[in-house]
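Okay, so here's the structure we're looking at.
The values are calculated or read from the model by the stated rules, or taken from the named source; none is laboratory data. Bear in mind the structure is a predicted one, so any value in this text is a computation, not a measurement. Please note: Cβ atoms are built from the backbone with ideal geometry, for glycine as well, and neighbour counts cover all protein chains shown. All accessible areas refer to the heavy atoms of the entire protein, side chains included, with ligands and DNA or RNA removed. Shrake-Rupley method; radii C 1.70, N 1.55, O 1.52, S 1.80 Å.
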Amino acid sequence: MIQSFEISPKMLSEAQEKAKEMGALRGSILQGKGNLSGFVGEIAVRDILTATQSNTYNYDLTLDDGSTVDVKTQAVNSTPREHYECNLNEHSTKQECDYYAFARVLSDLSKGWYLGKIKKKEFMQRAKLNHAGSLSASGNFVFKLNTYTIKIKDIENS
């Protein structure tokens, strides 16, 4: 079940600080422009999962049991639906984490959604690999990089 969240001024301020600190990462598709929505997603997922923010190369959060979570956030213009897909670029599969968690944040940074988390191993077994240049299942866009996809309804919401 998709869980919505409001983006508070406090969350936005924390995200702005972290995004400014980070700058543009080498190889970033959006050249750093996605950092703000990415950090908003991380902060929201951190709070929802009552995790500790770690921000290493390999993962973003640490859960109480010591397992690690890498949060993937997508900026969007509409409410997500369960048949929509979560995306993970192939180069991100090199990151050493226990789970992937997915979030979406409205481009105007007013609201977001926690979509759930899935064990990395399970994600890799169940996700579909879409090659760069191929058309998405919805036909709405062409993948810029090799990208794994899984439907929102196929990840656990915990």
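Here are some notes:
- Within region 124-133, considering residues that are touching a residue at least 24 places away in the same chain (Cβ under 8 Å) and open to solvent by less than 60 Å² (accessible area, probe 1.4 Å), the one nearest to the chain's Cα centre (by Cα): A127
- Subset of region 33-57 (residues that are modelled with pLDDT under 95 and surrounded by fewer than 20 Cβ atoms within 10 Å (Cβ to Cβ)): K33, G34, Q53, S54, N55, T56, Y57
- Lone unmet requirement of (1) under 22 Å from T56 (Cβ atoms); (2) open to solvent by less than 70 Å² (accessible area, probe 1.4 Å) for K94: (2)
- Of residues in region 62-91 being in a loop (DSSP other than H, G, I, E, B) and open to solvent by less than 30 Å² (accessible area, probe 1.4 Å), the one nearest to K120 (Cα to Cα): S67
- Verdict on R26 being open to solvent by 20 Å² or more (accessible area, probe 1.4 Å) and at pLDDT 95 or above: no
- Filter pass, S136 being open to solvent by less than 30 Å² (accessible area, probe 1.4 Å) and modelled with pLDDT under 95: yes
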